Amino acid sequence: MRFFDGMAAALLATLVSLSFAVFAADAPEDMAPAQQNFQKGSDALILGNYEEAIAQFELYADGQPSHPDASYNRGLAYLARVRAGGERDGDLGRASAALEEALLLRPGDRDAAHARALVHGEVARRRSRRGKDVLIARPSLDREIMNLLSERSWAILAIFASFFASFGWLLRLLRKQGAWQLAGVIFVPLGLIAAVAFTPIYFGARTLRLERRPGVLVVPEAHLTDRDGVAQSGEPLPEGAFLELGDRHGRLLHVRYGSVEGWIPSSTVRTLRLR
Amino acid sequence: MSLAFRLCMFALLWLTAGVANAQPYEVSATLSSHQVEVGEPFRIELSAMVSDGGSPTEPHVNSPSGLRVTGPNIGTRTSMQFGGGQSTVRRGISATWSAVADKPGSYVIPPPSVVIKGRRVMARETLRVLVMPSTGKRRRSKTGRWSFGGSFSPFDNMFNEPEAAPLTVDDLSAAARRLALSKAPAALAFVRLIPSAKRAVVGEQVTLSYYLYYRPGSVSRMTEQREPSLSDFFRRRIGKDPGTVEELWTLVGGQRYQVRLLERVALFPLRAGRLHTGKLSVKLLRRRRELARESNDVVLSVREPPARGRPAGYRLGDVGRYRLKATVEPRTAPAGDVVAVTVRLRGVGNLPQQLMVPQRSDLEWLEPEKKEHIEEQRGGRLGGWRSFGYVVRLRSEGLQDLGEVKLPYYDPRARRYRVAKVALGKVKVTQAVSANASTTAGSAAAASEGPPDPFVTVAPIRTEFVPFEPIRDRGMAPRLFLIALAAPPVTMALFSGLWVLAGAFRRRRANINKAPETLAKSALGQAARDRDTADAARSVERAVHLAIESATGLKSRAVLLDELEERLRAMGIDADLAADALKVLRTCERARFEPGEPQAGDHAVVKAARPVVRSLLRALPELGGGS
């Protein structure tokens, strides 16, 4: 009996120590590369070595889950290249993409919002210097409405409206006269109208969430084409334009910019990572 | 005119035509449309063909003011005439520019040009396009189809079958055996694309060979060759001039075929996925009739190099094996001056166009001047060298370490990433000399007077992660949403239905309680409970009348007892039953006025009435009575 007790204790001790060993081994391997890339990139950026900083932050973006601070610093690294006079085509767009990513991950990030506004301002200034329109497309109403709330919120609103109409129906059934009956008479049509309005918005928001991705144009400008690559007339999309990305056809990608739709080469767009 | 003179004139004409035909190159240009609208894109197309080796390079067009020209897209073209063991190959390029006019007007585009054997040759045509004001309608540009610009001898030369043609597979060389097929995809002649590999990573070389198979003597020449689209690849022609490659004999479906290599192209996939090369199409001449043939469409499975172990700064597509060397001249320079950094990249693969240079805010790297020598290496792989001549402006004084130039790349043979790097060493940056100092000071002043930095108010970088709560909109599954949406009205519908049913049930129940049959039974029960004989008699009397009403519908209270028996019989009640009912009623009448002693059990009148009431109620269905 004493032998079995000893064996059990030894087994338990081994398991516990193994567990600790596994956790201890896992933790640095999972965390270190992300921290290292971020740290190296930040150090390089502080020293003014923006090329190394860009490489490190891009490596971070390739492999690690997104983090708003890493995206923000990536945006600053591209801006540093612009400010140092080593700008390459699309740097403002790449900076804008990184800052948009930071804002999507942390919507209340004021620094990122300010930096993004400066980038958009610079793009607009450059366009206006070339005699081009600053405003290419206005946002479309359906997207504005759908983006007001999340998909789940629209679903809950529609369900609540349905419940509201049903409650009105109940009041009308139980009370044949009086204030409650009048409330029932009002609730039923109001609830029905709201349910009918919110349901398509829910489905629209769901389609947007599942089938569309956010992206940013990272070339100085891009002309929209049709599915066969034939250029459409109209102003080209500006650098740093926030796009709604859809289907892919060969090397072309369907994009929507405000109320304008078309196809552009997928290499001209950076897809934003939100996870 | 004598016959001899006519023959001389004919020979002279023929020779003139021959000389004209023998011109070693042909350069022509066209427009996809001669009339467009403002903002409507159109194409400028240049075709250059060379017949005596070499190939045209550096296509160029000068764009007039008001016309935005982008491009060119360059494609290669080959035309071939063969027969009698000899072949004439014309190689060339087609270059296409996209152009858009910003203003209406008539534009004259100078003739586009190419470099042929070191000399720039212009197309014959000056191009004119009329640009109309925009109507706002969306117009589709016309899709041009390449015309084959080669010129050929007017005489067909049919192949002669050589004497040493193989008869069995054993006679074939190893190369010819690889080209053998069990079945011909088309009769007489066909084209086939053969890749060197079916799998690759993005940027890894795959060599695609175009072969023409034909039965001896079946075709005289090829009049047109259209390249596969290869839209997902960067391509570069490799190998010897196809016209100089010896033809092979092979067996296809047991028959002898000649096989000619038309082209070898090094392909570098530009993206991951299942990539199609597209089909090669040719037109062959057979006894003045054209045969059109299409090749197979090769599908390559392309993936990205692994994400694990990817070095910083790696650009997708940098695949191969490379090494770097660098020189820096001079090693001492005053601040504000420049040094020349020449980096030579040598290796095998699609030599990258960019290197990772140590750009810093105290060093200004200008765009490099590139030179290259790229050709097919041993094993059919593309390689060579490319040099990058950078001019680096030194901004800070002191001993400056220029850092390292790096090129992270993926080696597909070793299946691992490597980083080619070269250290640039240190440069002594002295104080700016007076002239330079004044220049530097001037440029600094100019810089300070120049446009202000628009990003000066950007917040500083972040040195550590601040935790954040990711927004997770997991949404709601449509099925769950629809169930939740429909649940309240469906519940209400069910509730309403139940409400209506309950009301109907209550009304029915009330009706049943008021029925004479029920009341009769109730009255009989009451009679049994009555202790007083008069009360019991009254109850029995009520039970009998209700039973009669239930059986016949007759309100018998209003009928005289003397007439009741007759009326009951007339209404179909059995005579005995009618008599018994009357007898009970008369007994009750008497009992009501002759009260007896109260008793605990049933009164006699109750006992007598019970079978009568039951019989009357049983008679109900037969008589069709009831409430």
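The values are calculated or read from the model by the stated rules, or taken from the named source; none is laboratory data. Bear in mind the structure is a predicted one, so any value in this text is a computation, not a measurement. So basically every Cβ, Gly included, is an ideal-geometry build from the backbone, and we count neighbours across all protein chains shown.
Are there any pairs with C-beta distances below 8 angstrom linking a residue in the stretch A:126-150 that is among the polar types (S, T, N, Q) to a residue that is at pLDDT 75 or above and in a loop (DSSP other than H, G, I, E, B), with the two at least 6 apart or on different chains, and if so which?
What qualifies is A:Ser140/A:Gly258; A:Ser140/A:Ser259; A:Ser150/B:Gly475.
Which pairs have Cβ atoms under 9 Å, sit 6 or more apart or on different chains, and link a residue in the stretch B:500-513 that is touching a residue at least 60 places away in the same chain (Cβ under 8 Å) to one that is aliphatic (A, V, I, L, M)?
none
For residues that are of a type in the set (Gly, Ala, Ser) and either under 25 Å from A:Gln35 (Cβ atoms) or touching a Gly at 6+ places or on another chain (Cβ under 9 Å) (or both), scanning just the stretch B:309-334, find the one that is farthest from the other protein chains (Cβ to nearest Cβ).
So the residue we want is B:Gly320.
Only one of these conditions is not met by B:Tyr410: (1) among the hydroxyl-bearing types (Ser, Thr, Tyr); (2) within 30 Å of A:Gly85 (Cβ to Cβ); (3) away from every other protein chain (no Cβ under 12 Å). Which number is it?
(2)
Given A:Phe203, A:Phe198, which one is of a type outside the set (Lys, Arg), assigned to a helix (DSSP H, G or I) and without any contact (Cβ under 8 Å) to a residue 40 or more places away in the chain?
Criteria check complete, one pass: A:Phe203.
Which condition breaks for B:Asp241 when tested against (1) more than 14 Å from chain A (Cβ to nearest Cβ); (2) at pLDDT 90 or above?
It fails just one condition, (2).
Please find, among B:Ala487, B:Ala504, B:Ala420, B:Ala445, the residue that is modelled with pLDDT of 90 or more, outside any loop (DSSP other than H, G, I, E, B), away from every other protein chain (no Cβ under 14 Å) and over 38 Å from the mean Cα position of the chain (by Cα).
Unique residue meeting the criteria: B:Ala504.
What are the pairs, 6+ residues apart or on separate chains, where a residue within the stretch B:393-407 that is in contact (Cβ under 8 Å) with a residue 40 or more places away in the chain has its Cβ under 9 Å from a residue that is acidic (Asp, Glu) and assigned to a loop (DSSP other than H, G, I, E, B)?
B:Arg393/B:Asp337; B:Leu394/B:Asp337; B:Leu394/B:Asp362; B:Arg395/B:Asp362; B:Ser396/B:Asp362; B:Leu407/B:Asp318
If I filter the stretch B:85-103 for residues that are at pLDDT below 50, on the phi > 0 side of the Ramachandran plot and over 33 Å from the mean Cα position of the chain (by Cα), do I get at least one hit?
Within the stretch B:85-103 (the criterion being at pLDDT below 50, on the phi > 0 side of the Ramachandran plot and over 33 Å from the mean Cα position of the chain (by Cα)), the answer is yes, since at least one residue qualifies.
When you scan the stretch A:45-77, how many residues do you find that are touching a residue at least 24 places away in the same chain (Cβ under 8 Å) and either within 8 Å of chain B (Cβ to nearest Cβ) or among the aliphatic types (A, V, I, L, M) (or both)?
Residues that pass the stated criteria total 16.
Which one is surrounded by the fewest Cβ atoms within 10 Å (Cβ to Cβ) among residues in the stretch A:162-179 that are among the aromatic types (Phe, Trp, Tyr) and under 20 Å from B:Val500 (Cβ atoms)?
The residue in question is A:Phe167.
Do you know which residues across the stretch B:116-133 are among the small types (Gly, Ala, Ser) and closer than 13 Å to B:His60 by Cβ?
B:Ala123
So for the stretch A:229-249 (the condition being modelled with pLDDT of 90 or more, more than 28 Å from B:Arg474 (Cβ to Cβ), in contact with a helix residue (DSSP H, G or I) (Cβ under 9 Å, 6 or more places away or on another chain) and charged (D, E, K, R)), does at least one residue qualify?
Within the stretch A:229-249, one or more residues are modelled with pLDDT of 90 or more, more than 28 Å from B:Arg474 (Cβ to Cβ), in contact with a helix residue (DSSP H, G or I) (Cβ under 9 Å, 6 or more places away or on another chain) and charged (D, E, K, R).
Starting from the stretch B:288-312, take each residue that is buried (at least 20 other Cβ atoms within 10 Å of the Cβ) and list its partners that are polar (S, T, N, Q) and part of a strand (DSSP E or B), counting only C-beta distances under 8 angstrom and pairs at least six apart or across chains.
B:Arg293/B:Ser281; B:Ser295/B:Ser281
Quick check: anything in the stretch B:325-341 of a type in the set (A, V, I, L, M, F, W, C), part of a loop (DSSP other than H, G, I, E, B), buried (at least 18 other Cβ atoms within 10 Å of the Cβ) and touching a residue at least 12 places away in the same chain (Cβ under 8 Å)?
Yes: the stretch B:325-341 contains one or more residues that are of a type in the set (A, V, I, L, M, F, W, C), part of a loop (DSSP other than H, G, I, E, B), buried (at least 18 other Cβ atoms within 10 Å of the Cβ) and touching a residue at least 12 places away in the same chain (Cβ under 8 Å).
Looking only at the stretch B:476-498, which residues are surrounded by fewer than 12 Cβ atoms within 10 Å (Cβ to Cβ) and within 16 Å of A:Leu174 (Cα to Cα)?
B:Leu494, B:Gly497, B:Leu498
Any chance the stretch B:7-24 includes a residue that's more than 23 Å from B:Arg264 (Cα to Cα) and at pLDDT 65 or above?
Looking through the stretch B:7-24, at least one residue is more than 23 Å from B:Arg264 (Cα to Cα) and at pLDDT 65 or above.
Give the number of residues within the stretch B:260-298 that are more than 14 Å from every other protein chain (Cβ to nearest Cβ), of a type outside the set (Phe, Trp, Tyr) and not in a loop (DSSP other than H, G, I, E, B).
Count: 20.
So, B:Arg321, is that one on the phi < 0 side of the Ramachandran plot and charged (D, E, K, R) or not?
yes
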